[in-house]
Structure formats: structure tokens, C-alpha cells
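J.: Structure provided below as C-alpha cells; questions to follow.
The values are calculated or read from the model by the stated rules, or taken from the named source; none is laboratory data. The shown structure was predicted, so the numbers you read here are calculated from the model rather than taken from an experiment. Neighbour counts are summed over all protein chains in view; Cβ atoms, including those assigned to glycine, are modelled from backbone coordinates with ideal geometry. Note: accessible area is taken over every heavy atom of the protein model, side chains too, but ligands, DNA and RNA are not part of it. Shrake-Rupley method; radii C 1.70, N 1.55, O 1.52, S 1.80 Å.
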Amino acid sequence: MDPQLDAPPAAHSWLGPPIDARPLFVPEHAALIATLRELTPADWEREAVPGWSVRDVAAHVLADCYGRLARHRDGQGEGGAGSAPGGAPGKGRRGAPGREPGGGPGGAPGRGPRGVQGGGGPGGGPGGPVFAPGEDLPAYIHRINQQWVDAHSRVSPAALTDTLELIGGQVARLFAESDPAAPSLGVSWAGADPAPMWLDSARELTEYWTHRRQIRHAAGQGTDPDPRLLSVVLDTFLRALPHTLRDTTAPAGTQVRIHVTGPAGGTWTATAGGTWTATASGTSTGTAPDGGNWSLAGPAADGHPAALVRLDAETAWRLCVRGIEPADALTRAEIEGDRQLAEAACRIVSVVH
């Protein structure tokens, strides 16, 4: 499978080549259901993220699935405040995707399960969740995530799994039939609102993959090393690099490179100046939005960057979801060149934080 599509539209060229995550939703969904059906009763009660059990995380994934169907298949909540996952209230939708991470055991702003992404419950139609006065996106997401989990505390693991199998399968089919070039929910951690569907759907895949990782780890299993999935997850997470560097000033043409080792790894190079745009036939010019001046669309990555950060795949994905802090990632990294630029790159976060 070629995980990348043809050259991106100029409006989003600074995000790099589009990712085609559509064929991976079916195998990811099948892997999740297989994981859940293998859990013991004790596993369901283990803590998967601070404040949430495995059952809580499974209920949260169900909320993500219902929310996606409500917004993108059934048109519920379109244009409503409750449909706001990746941008400001009232915008379309994991920064968490029409969902981003966050989540919080007490529902308090900025608190709660780390790495929990998602837009919470099913859309923002009549009676759906809306922003509270003065509430920002992370606080909104944390609150509605917790409300959904609390409401499903009496649902049995078997019932949760059966429902997820049905509803998740519908979501997988929804993405398989989507238009990757269509405008979609914003992805706040990449600085794209609205985002193209290829980025929104890839972000959504990282949501499901990350939650399956959390469940596996709680049950004493390691990270699934399947490079088909992990490579696309890492590629999606690293699209946050230009937005991460948006406040970092450097001469035009300066390059910062992250190289992830292993079969699922790769190389991502951000170029300062926002003047490089990859096209099917050559190179033209373009500028990143929101005042950003870094782009992943640039010259070939075989030059000499001002800063190079090498990370293993496990460290890379954990850093992007804040499973580890930048300082910890730096101790595991190999760094060449400008230390300050390398540290700036390691502030990357690919969830609503």
C-alpha cells in the first residue's frame, strides 16, 4: 500500500504530501475488536490512562465513532457549537480529530487522562453538547469526554465490544468512501482549520491506534509493531512539525529534520520561510497559514539540516501524544547541529493538549 496520495493542493502544500489512511481503518478496527475480546474481566478494570480504566477508554472510542457518524454521515451538528472538535466553537470539527486528546477525570480544564483524544459524544445537534461560557477547546473536550464515560459506566464490557464492532465498522466504511481532497474538520495541532479530509482521516486513525495502544499496555501487552499502521501514525503525527516551529525564527531555507528509526520510521524536514511547495512537476512557492513560516514541502531531504533529531519509533509516538515529556525524549535522542532548534522540534505535540 502506498500511504501517500498525489501532490497536495496548494492551500495545504506546507503540510507535505497527503496521506492515504483510508485502507487502514478496517484492519485497525479489526485489531481493536480482537484486542477487546481477548481481555480478562480484570483487564477491563485496569487503568489505561490516569483516571480512566480500559472500559472507560473503550467507551470513549465508542463516543468517537458515534460522533463521526453523526457529523459526517448523518449531518447532525454541522455548524453547531457542539460539533467543534478541531477549532474554535462553531467550527467543524482530534485537534483531537473533529477530535483531539485531552480528557479529564474530573472534567476540569487541562486535567484528566493524558493522550485521550476525541470529540466526545455524538455531534452537536439539538440537545447535543455546546461550549460553556468562557470554555476553550481543551476544556470543552475534557468535559464532554468525561460526561460520556460516566454515562456508560453501567454498560458491560461485552456490550461495549459488540456495539463497537458494529458502529466502528460503519466508521471504517465511511472513511473508505471519503474524498481525501474535500475540506473537513480542523486539526488544531497541525494549524489547519479547516483541514483536508486526508489529514482529518489520518488524524482519526491515530486516535483509534493510540487508544488501542493504551488498552494493550494496560493489559500487559507491548505496542503493536505492525509497520502498516505505525508508519502512517508516525507520518500523521509528524505533520505537526511546521506548527510546532511556528514561533521559531530562522533564516529562510533553514532546515530542521526529524528522523525516526526502524521499519515504520521515516524522515520529516521542515524548511523555514514557507517558500517551498512540492508539486508533481517541480517546485513552486507557497506560505503556511496562521503566521507560520515553516513547511514540510521543500527541497529533497538529502541536504545538511541545521538540526537533526533521531528518535526510535516508540519514543517518537509517545512524545507526540505526551506519553513522555520533551526533556525525556531529548535524553533518548541523537542530536546533530543546533541544539536550540532540536529542542524546539521536540516540543511537538500531535493531540489537543
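J.: Of the residues that sit in the range 190-204 and are in a helix (DSSP H, G or I) and either open to solvent by 10 Å² or more (accessible area, probe 1.4 Å) or not aromatic (Phe, Trp, Tyr) (or both), which one is farthest from TRP317 (Cα to Cα)?
T.: Here the answer is MET197.
J.: Anything in the range 251-298 that is modelled with pLDDT of 50 or more, over 26 Å from VAL233 (Cβ atoms) and open to solvent by 20 Å² or more (accessible area, probe 1.4 Å)? List them, or say none.
T.: Within the range 251-298, PRO251, ALA252, GLY253, THR254, GLY273, ASN293 qualify.
J.: Same structure again: Anything in the range 137-154 that is open to solvent by 20 Å² or more (accessible area, probe 1.4 Å) and at pLDDT below 90? List them, or say none.
T.: LEU137, PRO138
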